[in-house]
Every structure is written in structure tokens, then in C-alpha cells.
Amino acid sequence: MTIDRRRFATLIAGGIAAAASPGPSLAAKAHRVGEIVDGDDLPAREASWYRKLEEHRVECELCPQARTVADAERGTCGVRENRAGTYVTLVHSLACSVHADPIEKKPLFHVLPGELALSYATAGCNVECKFCQNWEISQFRPEQVRSAYLPPEALVDAAKRSGARLTAATYSEPVVFWEYVRDSARAARKAGIAPTVVSNGYIQAKPLKEVLPLLKAVKIDLKSFSEDFYRDQLRAKLKPVLESLEIIRASGVWLEIVVLLIPTLNDSETEVRNLARWVKTNLGADVPVHFTRFHPTYRLTNLPPTPVPTLERAWKIARAEGLNHVYLGNVPGHPAENTVCPGCGGILISRLGFTIVENRLSGGVCPDCRREIPGFWR
């Protein structure tokens, strides 16, 4: 998922020739839009969520890792650094991947079907998934990844030029570049473009609540419904993610959930049933849940791809527990890619992979039984 320099240049061609991101900057020089930035000149700026301690130490207040960071050291994510008691982010406006994707690829199935999202990412992550698909950027520091300077205004300009009606902070982990997410969302809203986020949900309540009002939709990767899984496979905890899900749902921002089912690790009938029950009880029956197929990657290559019958079993369990919108992912052509009316059972949106084959929704309402289908449709 590293940046394609030619594609990047095409997206910003004719756009802003030079710009600085808003807010105080600690960078040694001003960068030009599209400039490839090397590790000796990262565009450092003061972080927004941290607490100063004695002896030039700081406590990060962005994610549940909540690390105390000594002077000249970095946080768990590798992209935030303590400089003499001032905590800085090294990746604001430093995009390592930029691409216009179908919104279905996120996946967000109840958000402007068929539209493009200008997707962007920086290096870094705050957890260590052994099965990460984008480990080449998420598990490396910014000086180890080829990146280009793309401040919020230029990002939005690129979205306009690509024809995208949405932006999506995605690919790596948006929590670690949360200031960039916030500022880009503000710029997008001013331009009439809908900001979205694809995240692991591993974030503290305060920064989450501060940025949520700027967003139109959030997709959370719920890795498992097991604390043991989060500890062993991510070096993280489940509880903060569940709390984030509840905060997002209560905010009114549109929410969808993805669960990557990994054979023998998180695909048991009991775990899937408990997860479905928790979602219905705490978030509601209308929150879409996507069960997606695992493929061996990164540090988890000893397990086979998820059998399709395992996915279908999870789908049946979740539907039996009362969830109205359950999908299967990474199985192009499967009927469970389609959006079906929970009232009359009619197919409302037909999909083939990331492509919309037919959309029968009319203003978010089933044309057959007139049931309202929740989502962000226009």
C-alpha cells in the first residue's frame, strides 16, 4: 500500500502548489505539496492529546496504551515523539498511501453506495496484529516508509479531482494520525465532501468524542470477542474497543463493524453468538456486521483461508440472534454481499465484490414494503 508517486502527482496536479497545515509547526522547513519527505525532515507538530510530566516526560492520552514517554523517545505507535517535554506527531499531512476506492472496499455498505472515497494513510499503528494486511506501512516508522506531503486542503482538492464524494482515513491506523484525520475532516466538510474513518477503535474516549462530530461514518474492525485474542494476537485489550463502539453508536455517526474470521482463533460458534448478542444489546439490530474471509499473511501464515461454510455459519448465527444487516466479505459473488430488506426479504442493493450491480433503494426506503433502511444514502 505504499504511495504510487505517479498516481499521487496526477491527483494533485493543478492543485495547491504550496501549503502549510493549520496549527503550530515544529518542522525545520515548509514542505511543498506532493514533495517526497525523507526521514531527516519529518513535518513535526505538537500533538493534541497528551499530558506533560516532570523531567520532560509526557503521558500519551490518545489511545489505551497510555504510555509514559521519556525525552527523545517515541510512543508505541512509533509516530509520536517526546521532544524536551513537548509531544509531537511526525505524520500530520505525511501520506504514504493515497487512492480513490469504491466505498464498498472499506467496507461501508450503507454509505453512498457506488461512490468513490479518497483514501489516505500515514505510517504507524498502535497495535501489532499478527495478521495485518498492510504491515508494510502500519508496522514501520515514518522514516522507513516512502511518503509525500499532503496537507488537508490538498487532500480535499485531490478528492475533488478524483471525483470522490467521500474521504476515508484507512489502510494503516487512523488513531495514530488523529490530528490529521481531524483537520482533514474539517476541510472535507467545508468542501461538501463526507469524511469517514476505518479504524481498530483502539482510542481513548476524549479524542474520539472530539473528532466524531466531524465524521459521517466509521467502520470498526472488531478483531474478536475475546480478551485472550486481543492480548495474544494484537498486544491490546478488547474492552476499550467495545467502549469505542458504544460511543460511536451513541453519537449518531453511522457505524459498521467488520469481523475477520480466522480459523481456530476467533471463529467458534460460541464466540460468534456472543458477539452478535452483544452488538444487538448494546448497539442495536440495525448496525451492519461484516464477517470477512481471512487469508494467510504477515506473521500468521500457518493457518488456511477461512472456509466459506465457516463464514456462512457465522452469518446464520448473527441473523438468528436478530441482527438485520449481516454481510460476508472477501467472497465475491456470494449472495450475502447483497443488502436485503429485513422486512420483506427483497434484494435492495446487488453487489459483485466492490461493484454495485443494482440499487433499488429509493431515498433509503424499500420500494416493495416501504420499510426504512438505516444508513447514509444521500
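Counting only residues at least eight positions apart within a chain, or on another chain, the lysines with an alpha carbon under 24 Å from that of LYS105 are LYS130, LYS160, LYS216, LYS219, LYS223, LYS316. Among the cysteines of the chain, those with no neighbouring cysteine Cβ under 4.7 Å are CYS60, CYS63, CYS77, CYS96, CYS125.
Modelled spin labels at GLU59 and SER350, positioned 7 Å past Cα toward Cβ, are 5.7 nm from each other. Quick check: pseudo-label points 7 Å beyond the Cα along Cα→Cβ at GLU210 and ASN274, how many nm apart are they? With each label placed 7 Å out from Cα toward Cβ, I get 3.4 nm. Overall form of the range 34-193: prolate. Here a/c, set by the Cα gyration tensor axes a ≥ b ≥ c, is 1.5 or more, and a/b is the larger of a/b and b/c.
Reported to the nearest whole Å, the Cα centre-to-centre distance from the range 340-369 to the range 266-289 is 23.
Scalar couplings 3J(HN,Hα) for the range 269-286, obtained by applying the Karplus form with A = 6.51, B = -1.76, C = 1.60 to θ = phi - 60°, are 4, 5, 5, 4, 5, 5, 5, 4, 5, 5, 4, 5, 5, 9, 10, x, 6, 8 Hz; x denotes Gly and Pro. Annotation: the range 86-176 has a Kirkwood hydrodynamic radius of 13.8 angstrom, from the mean reciprocal C-alpha pair distance. Note on the chain: with charges restricted to the Cβ of Lys and Arg (+1) and Asp and Glu (-1), its dipole about the Cα centre is near 660 debye. With the simple model of a label 7 Å out from the Cα in the direction of the Cβ, VAL308 to GLU358 spans 2.1 nm.
Taking the C-alpha atoms only, the angle from helix 152-162 to the longest principal axis of the chain is near 50 degrees. Rolling a 1.4 Å probe over the protein heavy atoms leaves HIS110 with an accessible area of roughly 0 Å². DSSP beta bridges fully contained in the range 266-378 are about 70 percent antiparallel. A Förster distance of 35 Å, applied to the separation of the beta-carbon atoms of LYS190 and GLU246, puts the FRET efficiency at 0.75. For the pair ALA70 and ASN338, a Förster radius of 51 Å applied to the C-beta separation gives a FRET efficiency near 0.45, rounded to the nearest 0.05. For the range 137-181, list residues with backbone N below 12 Å from a point placed 7 Å from the Cα of THR301 toward its Cβ? What the label zone holds, given the 12 Å backbone N cut-off, is no residue at all.
The listed residues PHE229, PHE140 rank as PHE140, PHE229 when sorted by accessible area, largest first, using a 1.4 Å probe.
Take every DSSP beta bridge whose two residues both sit in the chain, then give the antiparallel share in percent to the nearest 5. Approximately 55 percent, going by the DSSP bridge assignments.
Along the charge dipole of the range 30-166, which of VAL58, ALA158, THR89 sits closest to the positive end, that is, farthest toward it, with unit charges on the beta carbon of Lys, Arg, Asp and Glu (+1, +1, -1, -1)? Value: ALA158. Computed from the Cβ-Cβ distance with R0 of 30 Å, the FRET efficiency linking GLU35 to GLU128 stands at 0.50.
Relative to the current alpha-carbon distance between GLU143 and ASP232, full extension at 0.36 nm per residue lengthens the span by 29.2 nm. Determine the distance separating the Cα centre of the range 114-165 from the Cα centre of the range 171-201; give it in Å without decimals. What the calculation gives is 10 Å, centre to centre.
The values are calculated or read from the model by the stated rules, or taken from the named source; none is laboratory data. Everything numeric here is computed off the predicted structure, so don't read it as measured data. Neighbour counts run over all protein chains shown; Cβ positions are idealised from the backbone, glycine included. These area figures cover heavy atoms from the full protein model, side chains too; ligands, DNA and RNA do not enter into them. Shrake-Rupley method; radii C 1.70, N 1.55, O 1.52, S 1.80 Å.
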